Every structure is written in structure tokens, then in C-alpha cells.
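K.L.:
So that we are looking at the same thing, I have put the structure below in C-alpha cells.
The values are calculated or read from the model by the stated rules, or taken from the named source; none is laboratory data. Quick caveat, the model's predicted, so the values are computed rather than measured. Glycine gets a Cβ as well: all are built from the backbone with ideal geometry, and neighbour counts include every protein chain shown.
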Amino acid sequence: MASSMRGNAKINNPIESRQWTEETLQTLRFLVGIGHPLLLFFVILVIVFNVLPNYFPPTSIFEAPLLLLVMNTLFVSIIPFVVALIALRGYIEGGSANLLFFGCGMLSFTLACFIAGWLGAQAQANANLTIHNTGVLLASLFNLLAGVTLYLGKSAEKDGEKYKKNVGIFAYVGILIFTAGLSFAALRGYTPAFYVHGSGPSLLREVVLMAATIFFGVSCLLIVVFDRDRRSFFLSCYAVALALITIGLVALMTSKRANSPLSWLGRSAQFTAGIYFLAAVVAAVRAAWANRWTVPDTIRDFLRPSEALYRDLVETATDAIIPISTSGEILLWNTAAEQMFGYNRMEALRLVPSDLIDPEDSKRMFQEIEAGTVSGKGSYVGKLREVKARRNSGEEFPAELSFSSRRLGGGSVSTLIIRDITERKRAEETLQKRTLELQRLTETLEQRVKERTAELADLSSQLVSAQENERQRISYDLHDNALQALLAIRFEIEDLFAGQDDWAALQEKAKEVMATALDTVGKIRSMQGDLWPYVLDDIGILASIGWYCREFEKNHPGLTIERKDDVTEHEISSSAKIVIYRILQETLSNVAKHSQASRVTLRLLKKDHRVEFTVEDNGIGFDPVETMIKKTPWGGLGLLNIKARTELSGGTFGVESVRGKGTTVHASWPL
């Protein structure tokens, strides 16, 4: 399908067409660029020829045979006539009233100049001037109406091609009849005198030329004001042509002798205006070629009051706005399209939609365009659709496309609006990734909550079991140690008073009873310390740590304990003190039972507004995860217990250990 559309769209060689438009563009730029200097040049000449009339004697009057006829026909007859025909067609096909006024003005001007050229300047001076000046006045009046309606934006016209055709033909036929009647009356001498032999131009002729000059000048200014935003070549050349006609009329009006240098200066200005009329037609043809429109459609588009705003909106839009014909030809290429796809405007005119979007999407789109043009319905019409688009570099990117269709002249135009959604797709992908990550994180958290819940349930069960085991242990300790010791003391006391009369033996026996009682007191105190470290209440955590370490070293001679403290008693919360003491008990007990360590380092320090307690040994180490999960030796239940205690007291707890490299237990609390 792409090849067929390309064949229909590319009638001429694209390279040749591009060279033609570029060369024409340079020529138009040159003509518009010299327009103002040229106008100034003619104004200066008119002033000079009027200020220094004596330098041009009567012998300077010049009239070559047929010269006026040839010049008028070539420059101010054929070209304005072509403009008049194009304007009529554009008006009939949907143009506004100002387009009809322009056409009527051009027709009046070309008829007046053509007849005046055929009559010659000397043979029938009165008829010549009457026909020419009256026709010019009529042309200026129509151009003034066109300029006023253009400036005021009065472009509304009754609908119906038949109505416009009738109005246009009636207006043009009326101008032809009027000019023919005027010519007949002037040649017969039925019109007022515009030129009197012996005295020169009449006052009527001066008034008519002055009015025509004013009307042409005002219409020129109105067109310039209307075109100030768009700066189109067509209207710029047309305005220069009207200005040259205005200057030429001033020269003719101030000339006192027919065919004088001043008179020929006025005619030269009008002939130059014909060149600019030709440039305006070429500009319209070039624009029609570039946009793949007809010339009447193009001129009608130049004269639309909303066209400047429309182009501004199109050029400042962030989306690519691409009007295309039903055969797939691209008619317009805005800045956003150029930036999005990487083709400049001239390159874009050689493209078809299948060069820009995926061929399958392009095929479906054209089927919808065909259906939408007829019914205005379809899955594309008025809806957004995602497509794959392709840049000049070959890179594909996601895009969002919508289109609308409208009638234009004898055909239809569909406008594609394409938006690059690459960033939006990236954002959606990022959002999807983050959503998946959040889902995974949620699942992980849920799993951890389940594990933690199971762990807490297991810990609660173990704590209950530990509580019962502790009670059992205390019961056994009371039975095996304190109770047995007290019974032994009782029996020894009974033995003491069982008839012993040897005072020395009695004294020795009393010492044994006292030693047994003291040992029993020590055991009871040890049991009491296990239940609650009363030393915390008496001497505080710092002194308790020192006392416990000294006692522990006495009971384990092969173990050295080092201490590093830099906190004060009041900087440690009461809830943290008992936990620190229990961590000390648990870790030193595990060190003695399992680690085979020779040195333990205790640190109670301040760091980052927290109190940190660390117990580090140089033992054989272990696997903390395996220990706490499997409750293996090194006090798996004890670690879980003190971990739970630490977190309940507002702190954090951790264990670091590598087999063969010792173990570090650390906990911290806010100051």
C-alpha cells in the first residue's frame, strides 16, 4: 500500500521539485527584499521629475509605435487577468468576499490597461485617458473593498457553490459590460472630457486619478497591516504591486504632457507592479506545490483572517499536526513534527504516512480515513490510538494518534495529530516495576510478619516452658541445696547438744555448723541474684557489671574480662539496665560453656546519641541464624530471649559471629 500511495503522490521527480521550490524561494526573497528600496527609488524619481521639469524639454516626449500596447499587454494585462481568473475560482470553491473583490479589481485594471494600450497615447487621448483612468478608479475601489473586508475579518459568505458561482460570474460579466460600454461611450465622445486638446488633462481626470491613488494606497496599507504577522510572499508581493501602482498614478496625475518622461515613469511603475503581480502568482503556485493544494485553495488560505492565528497555533503545538490528502500526501509539516521525526519540511513533502508509522497501523488508518470521510465514524475518528512511529534515524517509538477529516475545495483533508508518549511509557514501566517491587516487598513483609509471628509464638511457648523449667530448677535448688543444708545444720545442732562435754570438740563442731550456714546463705543469695539482680538497686548498673565480672573471673580462672566505659549512670534508662545485666549474664554464661575463649571485652559507650553495649570474645564462633532457629548450643533460646527483651525496652539487638573468629553481641538504646 505504501508503494501505491507513493506512486500516486509523487507525480514529479522529488529532487527536481525540491530544487524548483528552493530556487523560487530565493527569487521571491530577493523581490520582497528590494521592494522597499524600489518604492523609494520611484518616489525619488517622481519628486525629481516634478521639481526639475525644465530639464525635460518638449522634444523629450517619446512614443514608439506599438510600445504602449506591448508593454501594457505583457505587464499589466495578462498577469492581472490570470490573477482575476484564479481569484474567481477560489471564490466559487469556498472563498470569502474579499477574494471576489480582489478578482474584480484585477479584472477592471487589466481591461483598462489593455484597451488603453490598444488605443495608444496620442491618437485618441481623451478616450484613452477616460477608459484607463475610469477603469483604474473602479479597480482601486474593488481593491479598497477587499482590503477593508480583509482587515475587518468580514469573510463570512453564504453557503453554496452554485450561489457563489452565480455571484462571481455576474460580477465579472458586469465589469466586462461596463468596460465595453465605457469604451464605446468614450470613443463616441459621450463621456465628460478627461483630456482637452491644447490645455491638457481636465479637472475631472485629476479628481478621478486622485481618488484612485488614495484608494490604492489605503488598500495597500490595509493588506500590509493584515499580513504583518504571517509575512506571506503572496500578500507581500501583492502589497508592493499596489504601492507601485499608487506611485505610478501620482506620476501620471502630476504629468502635464502625454508621453513625457514623468508619464513614462508612471507607466514604468505600473509595469514593475505587473512583475510583482507575477511574483505573487508564483508565490501562490509555489505554496500550492509545497502543500499539495490547488492555487485557488492556496490564495483563499492566504486571505483567511484566522489563518495567522491558526498557523501560530499549529507551529507552537507540542504535538505533530500533519494534514494529509486521501491519497496519502502530506500537506503540512509543523515544527513539532520536524523535531519528533527528524525530517525537515522539504523532506517531509516526499513522505507518506507509512514512512512515519507502522505499515499495518497505516493500512488500518487509511481504511478508517476512507470510512470516516464518508460517515465521520470509525475507531480512529475522534479517538486516541497507540501506534508504533518511526523517526528518520530508523528508531521506533510509541506514539498516540488521532485524526479528523474535513472537506476542502473539491476533495478532503484528514489531519493527523501525533504525540510522542515515550516518556509516559517509561513512567508507566517505572511505575509497573515499582508496583511489582512493592508487591514483592509486601509479600516479603507479610512472610516476615508470619515468620515473626511464628517466632514470637514459639518464643512465648519457650518462655512459658523456660519459666516452668526455672521454677523446677529453683525448686530442685531449694531442695538439693538450701533445704539439705538447713537439714544438715539441724542435725549438726542436735548432735552438738547430744551430750558432748568436750569443749574443744564442741567448739570445732560449732565452726562446722557456721560454715555450713554461711555456704547456705551464699547459695540463697545466688538464687536470689538469678531471680532479680538486687545489686542494681543497691549500687547501679556500672558497679554491678564490675562486681559480676570479678565474681565471674574468680569462678573461671582461665578467662580475662576487659571493660571500656564512657557513660554515666543517669544516661542509661532503667528499662535498659536490667536488659544489659541479663545480656551480660547470658553472654558470659555462653562464653564459659561453648566459646572456649580466653578473653572477653565489654564496651558500654555513647555513639550517635545512643548507648551501645557490646560483648566481644575471641572464641571459636558459631552460626547465629542456625543457633537461633534450631536452638542449638550457645544459648539459642537465651539469644531469642534477650533479643526480645532488648526490642521491648526500645533498643536494637544483633549478633555477629564467624566460625573460628569469635563472637560479638551488641545492643543499643537511645540516650
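K.L.:
Restricted to segment 202-238, and to residues that are aliphatic (A, V, I, L, M) and closer than 19 Å to Phe271 by Cα, which residue is farthest from the chain's Cα centre (by Cα)?
P.N.:
Filtering first and then ranking leaves Leu209.
K.L.:
Tally time: how many residues in segment 584-603 are surrounded by fewer than 16 Cβ atoms within 10 Å (Cβ to Cβ) and in a helix (DSSP H, G or I)?
P.N.:
Going through segment 584-603 one residue at a time, the tally reaches 2.
K.L.:
Give the residue, chosen from Leu85, Leu107, Leu68, Leu74, that is crowded, with 18+ Cβ neighbours inside 10 Å, modelled with pLDDT of 75 or more and either touching a strand residue (DSSP E or B) at 6+ places or on another chain (Cβ under 9 Å) or closer than 23 Å to Ala273 by Cα (or both).
P.N.:
Sole residue among the options that is crowded, with 18+ Cβ neighbours inside 10 Å, modelled with pLDDT of 75 or more and either touching a strand residue (DSSP E or B) at 6+ places or on another chain (Cβ under 9 Å) or closer than 23 Å to Ala273 by Cα (or both): Leu107.
K.L.:
Could you list, ordered by first residue, the pairs with Cβ atoms under 6 Å in which the first is in segment 200-214 and modelled with pLDDT of 85 or more and the second is small (Gly, Ala, Ser), at least 6 apart or interchain?
P.N.:
Sorted first by the residue in segment 200-214, then by its partner, the pairs are Ala212/Ser140.
K.L.:
For segment 612-630, indicate whether the set of residues that are of a type in the set (S, T, N, Q) and at pLDDT 85 or above is non-empty.
P.N.:
Yes, some residue in segment 612-630 is of a type in the set (S, T, N, Q) and at pLDDT 85 or above.
K.L.:
Given the structure, is Thr21 among the polar types (S, T, N, Q), at pLDDT 80 or above and part of a helix (DSSP H, G or I)?
P.N.:
The answer is no for Thr21.
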